[in-house]
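The values are calculated or read from the model by the stated rules, or taken from the named source; none is laboratory data. Keep in mind the model is a prediction, meaning the values are calculated, not measured. Positions of Cβ are generated from backbone atoms using ideal geometry, with glycine treated the same way; all protein chains shown enter the neighbour counts. Please note that ligands, DNA and RNA were not included when accessible areas were found on the heavy atoms of the full protein model with its side chains. Shrake-Rupley method; radii C 1.70, N 1.55, O 1.52, S 1.80 Å.
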Amino acid sequence: MAAKEKNLPTHRISRLGKFASLATRVAGNVLAESTKQIAQGNRPTARDLILTPQNITRLTNQLAHLRGAAMKLGQMLSMDAGDILEPELAEILSRLRSDADPMPSKQLNAALVDSLGKEWKSEFLAFNFKPIASASIGQVHQAYSDEGEKLAVKVQYPGIKKSIDSDVDNVGTLLKVVGLIPKSVDYKGLLEEAKKQLHDEANYQREGEFMERYQTALKDSQRFVVPKLHKQSSSDSVLTMSFIEGQNIESLEEFDQQTKNDVMTALLDLMFKELFELRVVQTDPNFANYLYLQESKQIGLLDFGATREYSELFSKGYLHAFASVMKQDQIGLNDALTQIGFFSQTILPEQRDAVLNLVKMACEPMLLNEEYDFKASGLAQKLREAGTILSLEKDYWHTPPADALFLHRKIGGMYLLAARIGAKVNIHRLVMPYINKAM
């Protein structure tokens, strides 16, 4: 069903009002459901009362309408803390990845005037006001340059930058109040990191610079296509680039086994190149950020807003961690994780062991010098279950550090994609050249 156009609330007070009314309606539903359940002779838990289909729908719809930080935080929580969140919240947040109401044309025009000036239309031969994609921070439109080149124009929702801090706080409070984040979770650190990440992603000038860096780094690659930035029609809240034609990456599920393997091998090879050579990693593994170009057998890379730079110390720490797992060197792995920052806080020996075992499990595909079947192994699910035990039973939610959290988000996303399309990859062969070079 096509999303309805809705004006995005741009002022902090109006957005706060939306959160307050949402909390009130959820509370009202809880009272009504409680009365109904008691009348039927049941003794419902608070969680059962909150997580009714009606409340889940309200939460999803309201966060999709607010977009911006509200929606992005939801996406980040579902990726980064998905293994400790209630399944119902994970479901809400997964829906938010694709659901967003587009801006009405009048609001869109005002945003473009504000960013590119009153004569913004002169930048384009044609501009389609109907978005081809909607996301948490902006929506994408198709256009043509004066030279007739097909373009993708990402326009940021108005007021998003100013609302980031208050929206993140409001969503965090809302999720805590309605009981969707476990009490043991110190979620405030994650909220602060979410604010920092969102301010980075809302800076389209920064994203454009990373896009150009990736284009330079991959200029000799036969496998990847990076959009070309059109600086003259871009700003810090409008990003114009060449349009890449392709099909969504999940469609590879229907392709032959060799194609699946080749594409996933290329993506995982790029991930190691990002971490160990470039020390710049695009950390958002949302499947919508990748396209498959069937004719040329290339992969289109679409979004660079969540790109993070990593220090040499951090990069080498992961190289040593991987090498230690391969050598079954527990002391070396402990030292590597300490270097990365895993054990900066006081932890119990059993917590430390649980973290070491979780990392070893994540490195399982590297141990085999053969194609690893991600779908058959169920590794992504095993990691999620192990993370749940670590977070809830051993109360070790507060690590790893933010830089590692975002990298794990990328690795986990790649594993999920490999399982989704049914790819088999020899990861050992991809990572060994880096390990051999470092030893």
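Data overview
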| quantity | calculated |
| --- | --- |
| Listed pairs K231/K273; K297/K360; K118/K231; K219/K327; K195/K327 exceeding 29 Å between Cα atoms | K297/K360; K219/K327; K195/K327 |
| Cβ-Cβ FRET estimate between N203 and E119, R0 fixed at 30 Å, reported to 0.05 | 0.80 |
| Net charge of Cβ neighbours under 15 Å - reference L125; Lys, Arg +1; Asp, Glu -1 | -3 |
| Convex hull per residue volume in Å³, alpha carbons only, for the range 179-284 | 179 Å³ |
| The range 229-317, accessible area per residue, ligands and nucleic acids excluded (1.4 Å, Å²) | 39 Å² |
| Förster radius 22 Å - calculated FRET efficiency between A438 and L367, Cβ distance, rounded to 0.05 | 0.80 |
| Proximal charge balance of I427 [Cβ under 11 Å; K/R count +1, D/E count -1] | -2 |
